[in-house]
1. Please note which strands (runs of 3 or more DSSP E) are completely contained in the range B:104-186 and include at least 2 residues that are open to solvent by 50 Å² or more (accessible area, probe 1.4 Å).
2. Restricted to the range A:149-184, and to residues that are more than 14 Å from chain B (Cβ to nearest Cβ) and under 18 Å from the mean Cα position of the chain (by Cα), which residue is most open to solvent (accessible area, probe 1.4 Å)?
3. How many of the residues making up the range B:45-93 are open to solvent by 50 Å² or more (accessible area, probe 1.4 Å) and touching a Pro at 6+ places or on another chain (Cβ under 9 Å)?
4. What do you reckon, is residue B:111 within 12 Å of chain A (Cβ to nearest Cβ) and small (Gly, Ala, Ser)?
5. Among the residues of the range A:174-192, which ones are over 17 Å from residue A:72 (Cβ atoms) and of a type in the set (Gly, Ala, Ser)?
6. Starting from residues that are assigned to a helix (DSSP H, G or I) and within 14 Å of the ligand (Cβ to nearest atom), keep the ones in the range B:83-101 and report whichever is farthest from residue B:53 (Cα to Cα).
7. Hey, among B:395, B:341, B:347, which residue is open to solvent by 20 Å² or more (accessible area, probe 1.4 Å), free of Cβ contacts under 8 Å to residues at least 12 places away in the same chain and within 30 Å of residue A:222 (Cα to Cα)?
8. Could you list, in sequence order, all residues of the range A:38-76 that are among the aliphatic types (A, V, I, L, M) and under 24 Å from residue B:121 (Cβ atoms)?
Amino acid sequence: MTTTPTTGSPAGTATRLRLRATDGAEVEVTPTHLVVAGYTGRDRAAVQHHIDELAAIGVPEPDTIPAFYPLATTCLTTDQQIEVDGTKTSGEVEPVLIRANGTYYLTVGSDHTDREMEKVGIQLSKAACPKPIADTVIELGDPPALVDWDSIVVRSWVDGELYQEGTLATMLPITEVLDEWDQIGGSQGIALVLFGGTRPLIDGTFRYGRDWRMQLEVPGHTPIELSYTVSVRSN
Amino acid sequence: MRTSTDYLKSLSDGRTVIVDGKPVDDVAADPAFAPIARTVGELFDIAADPANGMQVTDEVTGNPVNRMYVAPRNAEDLAAWRDSAQVWANHTNGWVGRSPDHVGAFVAAFSAHPGAFADERGLADNVLAFHRRVMENDLYISYAIIPPQVSRATTAHAWDGDFIQVGVKEEREDGIVVRGAQMLATGGAVADEILVSCIKPLTPEDTDFAISFTVPVAADGLKLYCRRPYATGATSDFDYPLSSRYDETDALLVFDDVFIPWKDVFVYKDVPGLRKQFFDTGAHVLGNFQAQIRFATKLRFLAGIARKVAAVNGVDKFPGVVEKLGELASLVSVVESALHAAQFTAAADEQGFFSPGAQSLYAAMGLQAELHPRVIGILRELVGGGVLQVPSSVAELVNSETAEDMERYVSSPGITSVERVKLFKLAWDAVGSEFAGRHQSYELFYSGAPFVVKGYAFRNYDYNKPLQAVEQFLASYGVDGPAAAVTEEVSA
Ligand SMILES: Cc1cc2nc3c(=O)[nH]c(=O)nc-3n(C[C@H](O)[C@H](O)[C@H](O)COP(=O)(O)OP(=O)(O)OC[C@H]3O[C@@H](n4cnc5c(N)ncnc54)[C@H](O)[C@@H]3O)c2cc1C
């Protein structure tokens, strides 16, 4: 499986995303930055508790809370197929905020990650896999008017089975995550794609399936869907 | 989907339901509870048969689920939802108030508005997961959302003794421990879980009692104190055809330090959150839409008894009786029409939840305290003493020494004594038995005392329009108008 023009552009070539707004309008985005946020829980005490737990088993503490992992924009894809190297990779449904063209868009993406590599380093594990996003977006305007964030429901399925389901209510609204990033990354004015963090798995264990489906349901809107298939690169 | 066999089996779980001073061994086998359990089981069987049109595909799992547990998103959904509610209501002829679709409707609406439960603890996710559990397993949820009737002059914090109303005794890492009581879980003894909360307004001092959670009926430390069951007093199906099938039983819940894991907590020490769960989610509207569908079905059944009795007694041609039957027809139609109107004025809220029109719905509910007693009153009047001119039991109809008298003296033109007695015993179970008396109270109180329900009608009626009409009219004349001329014309 090879990549299409929207992904894996040769180094130096801009990744161009061809998207569609929910009203049908065509949206083209050429992101200059891709950032995946982690530890975006709204309850800071609980987040710290989780970090301490991880620290106890040797996972290094993040530099900031939320944590930010900048990745190459070439990781982004709207393809229905992705290729990975590891055999233990899995998706995670995340809200995705895009700041480009003088406006903001909301969509859904998968922070597809190599779980083996996670033990080596979070940044590495994230960079090891493409980051699929849906090709449909909700335009939020500028400043971004976030519909009732607490009522947004995200879901993911692996091989047809429900894997994650819940609201974004326990997570910092993605606009606040963006504010934090802007303070650290100082990236105002650039075309940014921000993954806003994920929520716990239903049964708490990673699954390394083939068919992934992600959904972001904003009340009053048709759910935004993303489906992709994972294959392990043969070499 | 779940069938009656699965459901009935699941009831033998060690729940503590107290009658006559001691726990019942097994509700599914006990004569007080087995009949209603059987009826509820029949409802599950009906829903499980695709031919009855109650199923819809859960978009998340692709599996068929009961439509009553899914929030309507458009007019078509709502119409199908109403049809499904009608299928169940028809099976009980409206005599089971807390069939699984009642609280099921509340939970469906909760799931369409998780933001109303949002807080840092992830309570919104708990609501979604609860909804999924109810929907995927066809659970029967009952609810207890009224503080015990101790004193209505004050609220829980001011009552003598700690934790009379159920409240948070202890907060733990993994959940909460609750203690106290709550009234009055209809159907609780044969439900899977009970939603416990408080719909009566609380004050900021009542924070410890401002909770909402679900609890398995068999939870350790939970006791259900049942009022006297009527099914056991029913000497036979024939003698008490309603008591013997539809006695849901009502129970006071007592929580003797019951542990509730966080996943089952939906509102936590949040006084405004209590009201939000019922009123910002549309749950109160959808749940009561179901309740009115059920109520209309029961009224129809009562009208049917009246019509038949009038014919059997040969009074149905008398103008005075026609007038009464006409009034009954009006009363029943008013409720049915309110349902049509609520459906006609239904609209999607900003969350995409298609909610029945509140003004029409609460209009019917606001009249229920007058309407139901009036229907019962007319029926009671039409049956006369016939409901007491019946033998003590079906035995007199079958014993050879008595059957002849019965046939000779307790029959009517064109129908046998058996048919006549059967009809009048049904009428008595609807207007006069203890079961009937309980139903009078039920219809008066199930959605709040009449003053509370009329409050809903008041708040959901747009008084601006009538006020404007009156203001405009008042402004159209003054002290120097042509009053004198009119008076002259009139007196001329
Ligand atoms: C058969 C039956 C089944 C029930 N099933 C359930 C159930 O499944 N789940 C559940 O949660 N609840 C249930 N209930 C309880 C029901 O919700 C309550 O009865 C109802 O909310 C009224 O509360 P109360 O009975 O405490 O009456 P109260 O609040 O004590 O009121 C009784 C009367 O006092 C007067 N009054 C009280 N306060 C005021 C006031 N502020 N202003 C004016 N007048 C006032 C009114 O005349 C009122 O009718 C059931 C009740 C019955 C009778």
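The values are calculated or read from the model by the stated rules, or taken from the named source; none is laboratory data. Since the structure is predicted, the reported quantities are computational estimates derived from the model, not experimental observations. With ideal geometry, Cβ positions are generated from the backbone for all residues, glycine too; neighbour counts draw on all protein chains shown. Remember, those area values only see protein heavy atoms, side chains included, never the ligands or the DNA or RNA. Shrake-Rupley method; radii C 1.70, N 1.55, O 1.52, S 1.80 Å.
1. Values: elements: B:141-144, B:167-171, B:175-186.
Passing ranges, in order: B:167-171, B:175-186.
2. First pass over the range A:149-184, keeping only residues more than 14 Å from chain B (Cβ to nearest Cβ): A:174-175, A:177-184.
Checking which are under 18 Å from the mean Cα position of the chain (by Cα) leaves us with A:174-175, A:177-182.
On the way: A:174: 0, A:175: 32, A:177: 0, A:178: 7, A:179: 85, A:180: 58, A:181: 24, A:182: 23 Å².
Checking each candidate, the answer is A:179.
3. 4
4. Working: within 12 Å of chain A (Cβ to nearest Cβ): yes; small (Gly, Ala, Ser): yes.
Considered against the rule, which asks whether it is within 12 Å of chain A (Cβ to nearest Cβ) and small (Gly, Ala, Ser), residue B:111 comes out as yes.
5. Filtering the range A:174-192 for residues over 17 Å from residue A:72 (Cβ atoms) gives A:174-180, A:182-184, A:186, A:188-189.
Once the filter is applied, which keeps residues that are over 17 Å from residue A:72 (Cβ atoms) and of a type in the set (Gly, Ala, Ser), the range A:174-192 yields A:186, A:189.
6. Filtering the range B:83-101 down to residues assigned to a helix (DSSP H, G or I) leaves B:83-92, B:100-101.
Imposing the further condition that a residue be within 14 Å of the ligand (Cβ to nearest atom) reduces the set to B:100-101.
Working: B:100: 17, B:101: 15 Å.
Looking at residues that are assigned to a helix (DSSP H, G or I) and within 14 Å of the ligand (Cβ to nearest atom), I get B:100.
7. Working: B:395 fails: within 30 Å of residue A:222 (Cα to Cα); B:341 fails: free of Cβ contacts under 8 Å to residues at least 12 places away in the same chain.
Only one candidate qualifies: B:347.
8. The first filter runs over the range A:38-76 and keeps only residues among the aliphatic types (A, V, I, L, M), leaving A:45-47, A:51, A:54-57, A:59, A:65, A:67, A:71-72, A:76.
A:45, A:46, A:47, A:51, A:54, A:55, A:56, A:65, A:67 - these are the residues of the range A:38-76 that are among the aliphatic types (A, V, I, L, M) and under 24 Å from residue B:121 (Cβ atoms).
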